[in-house]
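Working notes, structure below.
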Amino acid sequence: MHSTKIALAGATGNLGIPILKALVDANFSVTVLSRKGGNSSILTPHPNLVVKEVNFDSVESLAYAIHGAEVVISCLATIAIGSQNPLIDASVTTGVKRFIPAEFGMDSANHLCAQLPVCAPKVDTQKYLQEKSKSNPGFTYTAIANGLFLDWGLKMNLILNLAEHSAILYNGGDVPFSTTNLADVATAVLGVIHHQPQTANRVVYVHSALVTQNELIQFAKEIDGKDWVTKTQDTEDIRKESLVEVAKGPQGDIDAAMLGFCLCGSLATSYGCDFSSHLDNGLLGVKESSKDDLRALLATYL
């Protein structure tokens with residue numbers, strides 16, 4: 001077993017499950033932090049795995065649970081949990097060396113992304129981490145930008161609706177965007193743990209592929225030859241509509257608005273959705289998918 005102990009918050013989510021699997025498969029000792037009354041019972045028992053119930057608002061509760069951990073990974077849904085600051089404070093208190101926040105998406109370093117309400121909490125978290133790493137030299141962080149989740153996005157009909165051969169083509173459908181399979185995000189997390197000096201106090205960028213929606217549709221046509229029904233939509237219009245929903249407060253459709261902001265940050269060129277010029281794939285061990293890999297992935301949803 002690795003001597004490095006890991007604490008993981010949000011282990012039962014879409015991303016938490018593959019990250020936990022990657023960690024235990026790599027023989028790390030993992031403490032899963034579970035909200036009291038949470039759904040940690042769905043996790044498969046493993047000799048390297050301990051589940052501890054915590055109060056995510058209490059630094060004391062969190063510090064007790066993560067004691068001895070060198071790396072803390074947060075896969076918490078920021079919408080659900082609010083601030084990650086108590087977990088960060090607990091990490092600093094207990095001598096954690098590396099904190100990986102719940103970033104996992106668009107390029108929060110891009111000034112347009114940073115202004116989107118869905119990204120703003122991530123920017124605030126990074127600022128807080130920067131302050132803490134400056135005042136506590138032994139404490140460092142790494143944020144992981146991976147664009148849209150590719151396999152999950154296809155499964156949820158966000159990128160294309162493969163079953164119905166239909167799509168909303170954002171900004172015309174020819175925008176190259178970085179997108180990453182969940183298992184590759186988990187690989188990137190392992191890469192950060194294994195390369196801490198090279199990844200300290202910065203955002204790292206990974207993707208499984210740089211593709212356009214129209215390229216993916218072409219791959220689908222090559223597989224089954226069926227015609228597609230498409231319409232186009234400008235993400236700037238979606239951004240404005242989403243801001244209107246947010247302005248309605250509790251009456252607004254906040255989930256739809258946040259999804260709208262995600263589409264805007266992940267599928268518009270000015271938002272830095274193409275990571276290909278500054279990838280950390282090589283450092284972190286993330287392999288790029290070939291066209292055949294992409295066809296095979298699409299085929300599973302057709």
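The values are calculated or read from the model by the stated rules, or taken from the named source; none is laboratory data. Quantities reported herein were computed from a predicted structural model and do not represent experimental measurements. Counting neighbours? That spans all protein chains shown, and the Cβs are built from the backbone with ideal geometry, glycine included. Note: areas computed on protein heavy atoms with side chains; ligands, DNA, RNA excluded. Shrake-Rupley method; radii C 1.70, N 1.55, O 1.52, S 1.80 Å.
Can you pull out every residue in region 165-206 that is within 30 Å of residue 227 (Cα to Cα), touching a Leu at 6+ places or on another chain (Cβ under 7 Å) and not aromatic (Phe, Trp, Tyr)?
167, 171, 175, 176, 178, 179, 180, 181, 182
Residue 164 passes all but one of (1) in contact with a Gly (Cβ under 7 Å, 6 or more places away or on another chain); (2) assigned by the TED database to the domain that holds residue 215; which number fails?
Result: residue 164 passes all but (1).
Take region 222-240 and flag every residue that is more than 10 Å from residue 168 (Cβ to Cβ) and hydrophobic (A, V, I, L, M, F, W, C).
If the condition is that a residue be more than 10 Å from residue 168 (Cβ to Cβ) and hydrophobic (A, V, I, L, M, F, W, C), then 223, 228, 229 are the ones that fit.
(1) in contact with a helix residue (DSSP H, G or I) (Cβ under 7 Å, 6 or more places away or on another chain); (2) buried (at least 18 other Cβ atoms within 10 Å of the Cβ): which one isn't true of residue 85, the others all being true?
The failed condition is (2).
With the requirement that a residue be assigned to a loop (DSSP other than H, G, I, E, B) and of a type in the set (S, T, N, Q), what does region 7-31 give you?
12, 14, 27
Is it the case that region 261-271 has a residue that's outside any helix (DSSP H, G or I) and crowded, with 16+ Cβ neighbours inside 10 Å?
yes
Answer yes if at least one residue in region 22-31 is open to solvent by 30 Å² or more (accessible area, probe 1.4 Å), touching a His at 6+ places or on another chain (Cβ under 6 Å) and within 16 Å of residue 2 (Cα to Cα), and no otherwise.
Yes, there is a match, as at least one residue in region 22-31 is open to solvent by 30 Å² or more (accessible area, probe 1.4 Å), touching a His at 6+ places or on another chain (Cβ under 6 Å) and within 16 Å of residue 2 (Cα to Cα).
Kindly indicate the residue of region 165-179 that is outside any strand (DSSP E or B) and among the small types (Gly, Ala, Ser) and also most open to solvent (accessible area, probe 1.4 Å) among those meeting that condition.
So the first thing to find is which residues in region 165-179 are outside any strand (DSSP E or B), and the list is 165, 171-176.
From the residues that got through so far, the ones that are among the small types (Gly, Ala, Ser) too are 172-173.
Values: 172: 33, 173: 2 Å².
Of everything passing the filter in region 165-179, 172 is most open to solvent (accessible area, probe 1.4 Å).
Does residue 49 satisfy the criteria of being at pLDDT 95 or above, open to solvent by 20 Å² or more (accessible area, probe 1.4 Å) and over 18 Å from residue 99 (Cβ atoms)?
Considered against the rule, which asks whether it is at pLDDT 95 or above, open to solvent by 20 Å² or more (accessible area, probe 1.4 Å) and over 18 Å from residue 99 (Cβ atoms), residue 49 comes out as yes.
Working only within region 194-211, note down all residues that are open to solvent by 60 Å² or more (accessible area, probe 1.4 Å), within 20 Å of residue 71 (Cα to Cα) and not polar (S, T, N, Q).
194, 197, 202
Regarding residue 74, is this residue free of Cβ contacts under 8 Å to residues at least 24 places away in the same chain and open to solvent by less than 20 Å² (accessible area, probe 1.4 Å)? Show your work before the answer.
On the way: free of Cβ contacts under 8 Å to residues at least 24 places away in the same chain: no; open to solvent by less than 20 Å² (accessible area, probe 1.4 Å): yes.
No; evaluated as a whole, the condition is false for this residue.
Could you go through region 39-52 and let me know if any residue there is small (Gly, Ala, Ser), closer than 24 Å to residue 191 by Cβ and over 19 Å from the mean Cα position of the chain (by Cα).
Looking for residues that are small (Gly, Ala, Ser), closer than 24 Å to residue 191 by Cβ and over 19 Å from the mean Cα position of the chain (by Cα), one finds none in region 39-52, hence no.
Of the residues 11, 22, only one is closer than 19 Å to residue 83 by Cα, assigned by the TED database to the domain that holds residue 73 and among the hydrophobic types (A, V, I, L, M, F, W, C); which?
Exactly one of 11, 22 is closer than 19 Å to residue 83 by Cα, assigned by the TED database to the domain that holds residue 73 and among the hydrophobic types (A, V, I, L, M, F, W, C), namely 11.
Between residues in region 18-38 that are within 27 Å of residue 58 (Cα to Cα) and residues that are basic (Lys, Arg) and crowded, with 18+ Cβ neighbours inside 10 Å, which pairs lie under 6 Å by C-beta distance while being six or more apart or on different chains?
Pairs that qualify, where the first residue is within 27 Å of residue 58 (Cα to Cα) and the partner is basic (Lys, Arg) and crowded, with 18+ Cβ neighbours inside 10 Å, are 29/5.
So which pairs qualify, if the first residue must be in region 178-206 and of a type in the set (Lys, Arg), the second must be part of a strand (DSSP E or B), the Cβ gap must be under 8 Å, and the two must be at least 6 apart or on different chains?
As it stands, the answer is 202/142; 202/143, since those pairs meet every condition given.
Would you pick out the residues in region 220-248 that are assigned to a helix (DSSP H, G or I), surrounded by fewer than 18 Cβ atoms within 10 Å (Cβ to Cβ) and either hydrophobic (A, V, I, L, M, F, W, C) or modelled with pLDDT under 95 (or both)?
The answer is 223, 243, 244, 246, 247.
Which numbered condition in (1) open to solvent by 30 Å² or more (accessible area, probe 1.4 Å); (2) part of a loop (DSSP other than H, G, I, E, B); (3) not assigned by the TED database to the domain that holds residue 89; (4) not aromatic (Phe, Trp, Tyr) is the only one that residue 159 fails?
Here residue 159 meets the rest and fails (1).
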